[in-house]
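**Q** Quick one: the structure is below, questions incoming.
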Amino acid sequence: MARVQPLSGFPEWSPQERLVEAHVVATLREVFALHGFGEIETRAVEPVERLAGDSDASKEIYAIGRLNAEEGGDRRAKEAKLGLHFDLTVPFARYVEENQGRLQFPFRRCQIQKVWRGERPQEGRFREFYQADIDVVGRDTLPEHLEAEVAIVMARALAALPLPPARMHLNNRGLVEGFYRGVGIGDIAGALRSVDKLDKIGPEGVREELHGKGVSAEAVDAILELAAIQTPDGSFVDLVEALWDHSPIVEDADEAREQFDRGARSLAVLVDAVNAAVPETAIADLRIARGLDYYTGAVYETVLEGHEDLGSICSGGRYDSLVAGGGFPGVGMSIGVSRLVSRMLGAGIATASRAVPQAVLVAVTDEEHRGASSAIADRLRARGIATEVSPNAAKFGKQIQYADRRGIPFVWFPGAGDGSSPDGEVKDIRSGDQAPADADTWAPPTEDLKPRIVRG
């Protein structure tokens, strides 16, 4: 038999690691539900044409098809080209478009599913991974205060996890675009994509790219000065207004100034609102561009304190139209769950207190009496205590060793002791304490009932 070769980019977790991932997903789901986000699940495939759109995303799409398609099948089905979704936004847009007549707007949705993306695997970047999204989508209009609400929900979700403090870097596309228009930039989308690379290529790299796009040296200086502004509160407003006043502003820039001022006010409100709800979380960061063209208002990127090298673990923004044909403005954020879990495990940020769910191993005195051990286990399970019956009737010492290797904290010995308890005795194999116990009343300490996720 040929040796099995590992596939890079497709994570596989051990039971103990999977407990951490499951805890992250369950916590996110709980926080989202507490804030009124109903969960949906969409199909894993979409037509490749819809997935790719007008972008170059086709390079990352995994196409699917049967290895041996039946002869004479439906021609339309044979011609259809399907791909695995590479994010949750495209299927969500299709879902809203198809179900708009049955949805109540604003529609509050959360979605936690696997996605597939054919990119080069590296630390924290996978080809198959879990993503968790929340969005609020309106019909024609969407109140601006929801930009703060979505950010607050995500901040609370991250704060509920065993993580270092999360810092949410916020910007407003209206502020940035108004400023770019003010200094005479025509290709705003192109300039934003260049500025979005600041962390990767540095200021000089961005300067070179912008010069190549025909941006004047004076305008580039102003753009980089704007991107350098970062404050933990609304004090950035004075800084950007002063920057406007001494920048090379073109004539007839009244509309650009209005857009700039409106964006600055909106960002100040957003930063203050998030910090009021989750203190010391939000930072106004004029570097954040989010190079995707469809963002029109608030934009978000989130990093973990002490793990900035991981990049953004949670991002998103405000958009005017979820559906390509127009309408359905919304705001949303997305967490790369697998990316986050990978760092939690790799850096020892969090781990499970044990690798298995069972708190008790019921020993077997001999195979003739295995039924008695199984009966005790069922009585414990009926009370919500995860229990395993020993796979063999070896000496009790061997059965204790088996429980220890599995990480099971308690071993139950049926019929042991002086007869004061017909069910036997239970032993804490960590401390060595052992006492008679009744399967209808005994319970492990709360901290031992289920595996716990603990900080590293």
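The values are calculated or read from the model by the stated rules, or taken from the named source; none is laboratory data. Predicted, not measured: the structure shown is a model, and the values here were computed from it. Note that we place each Cβ from the backbone using ideal geometry, even for glycine, and neighbour counts take in every protein chain shown. In case anyone asks, the SASA skips ligands and DNA or RNA and just uses the protein heavy atoms, side chains included. Shrake-Rupley method; radii C 1.70, N 1.55, O 1.52, S 1.80 Å.
**Q** With each run of n ≥ 4 DSSP H residues scored as -39500 (n - 2.57), what mean residue ellipticity at 222 nm is computed for the chain after dividing by its residue count and rounding to the nearest 500 deg cm²/dmol? Please list the in-between numbers first.
**A** On the way: 15 runs with 172 residues, N = 456.
It lands at -11500 deg cm²/dmol.
**Q** Using 0.36 nm times the number of residues separating Ala33 and Tyr294, minus their current alpha carbon distance, what extension gain do you get?
**A** Here the answer is 91.3 nm.
**Q** Taking 0.36 nm per residue of sequence separation and subtracting the Cα-Cα distance, how much length would be gained by fully extending the chain between Glu251 and Glu119, in nm to one decimal?
**A** Result for the pair: 43.1 nm of gain on full extension.
**Q** So how tilted is helix 173-182 from the main axis of the chain? Cα-based, degrees 0 to 90, rounded to 10.
**A** Roughly 20 degrees, rounded to the nearest 10.
**Q** Averaged per residue, what accessible area in Å² does the chain show with a 1.4 Å probe, protein chains only?
**A** On the way: 22570 Å² over 456 residues.
Result: 49 Å² of accessible area for each residue.
**Q** Give the calculated FRET efficiency between Ser353 and Arg405 to the nearest 0.05, with a Förster radius of 22 Å applied to their Cβ-Cβ distance.
**A** Working: r = 16 Å, r/R0 = 0.72.
Calculated transfer efficiency: 0.90.
**Q** Expressed as a whole percentage, what fraction of the accessible surface of the chain belongs to carbon and sulfur atoms when a 1.4 Å probe is rolled over the protein heavy atoms?
**A** Numbers: 11120 of 22570 Å².
Using a 1.4 Å probe with all protein chains present, the chain comes out at 49 percent carbon and sulfur.
**Q** Round to the nearest 0.05 the FRET efficiency obtained for Val4 and Val25 when R0 = 25 Å and r is the Cβ-Cβ distance.
**A** Details: r = 28 Å, r/R0 = 1.12.
Efficiency, from the Cβ-Cβ distance: 0.35.
**Q** Further, regarding this structure: With an 8 Å Cα cut-off and a minimum separation of 6 or more residues, compute the relative contact order for the chain in percent. Could the numbers behind the result be given before it?
**A** Numbers: 836 pairs, mean separation 74.7, N = 456.
Averaging sequence separation for qualifying contacts and normalising by length gives 16 percent for the chain.
**Q** Label Ser321 and Phe396 with points 7 Å out from Cα along Cα→Cβ: what is the distance between them in nm?
**A** According to this spin-label approximation, the distance is 7.5 nm.
**Q** Let me make sure I get this right: for the range 286-367, a, b and c are the square roots of the gyration tensor eigenvalues over alpha carbons, sorted descending. Under 1.5 in a/c it's rounded, otherwise prolate if a/b > b/c, else oblate. Which is it? The partial results should precede the final answer.
**A** Values: a/c = 5.64, a/b = 2.29, b/c = 2.46.
Here the range 286-367 falls in the oblate category.
**Q** If I fit a long axis through the Cα atoms of helix 15-34 and take the longest principal axis of the Cα atoms of the chain, what angle between them do I get, 0 to 90°, rounded to 10?
**A** So the inclination is approximately 60 degrees.
**Q** Can you tell me the convex hull volume per residue for the chain, based on C-alpha atoms, in Å³ to the nearest whole number?
**A** Numbers: hull volume 100.2 nm³, N = 456.
Looking at the chain, the number lands at 220 Å³ per residue.
**Q** Continuing with the same structure: When a/c is below 1.5 the answer is rounded, else prolate if a/b is larger than b/c, else oblate, so apply that to the range 288-439 with a ≥ b ≥ c taken from the square roots of the Cα gyration tensor eigenvalues.
**A** Working: a/c = 4.64, a/b = 3.02, b/c = 1.53.
Prolate shape, in that a/c is at least 1.5 and a/b is the bigger ratio.
**Q** Answer with one residue from Pro451, Gln230, Val299: the one whose Cα lies farthest towards the positive end of the charge dipole of the chain, charges on Cβ with Lys, Arg +1 and Asp, Glu -1.
**A** Farthest along the dipole direction, towards plus: Pro451.
**Q** Continuing with the same structure: At 0.36 nm per residue, and after removing the present C-alpha to C-alpha distance, how many nm does the segment from Gln100 to Glu367 gain when stretched out fully? Display every interim value, and only then the final one.
**A** Numbers: separation 267, 0.36 × 267 = 96.12 nm, distance 6.15 nm.
Length gained between Gln100 and Glu367: 90.0 nm.
**Q** Can you compute the charge dipole magnitude of the chain about its Cα centre, using +1 on each Lys and Arg Cβ and -1 on each Asp and Glu Cβ, nothing else charged? Give it in debye, rounded to the nearest 20. List each step's numbers first, then the result.
**A** Values: 52 positive and 71 negative charges, 369 e Å.
Value, rounded to 20: 1780 debye.
**Q** Any idea how far the Cα center of the range 245-302 sits from the one of the range 1-67, in Å?
**A** Spelled out, the Cα-based centre of one part sits 32 Å from the other.
**Q** Something else now. Would you mind checking the range 13-52 for residues with the amide N under 19 Å from a putative spin-label position 7 Å along Cα→C-beta of Ala189?
**A** Residues passing the 19 Å test: 49-52.
**Q** Which of the trypsin sites (Lys or Arg not before Pro) across the range 189-274 are loop residues per DSSP, with 16 or fewer other Cβ within 10 Å?
**A** Lys197, Lys213
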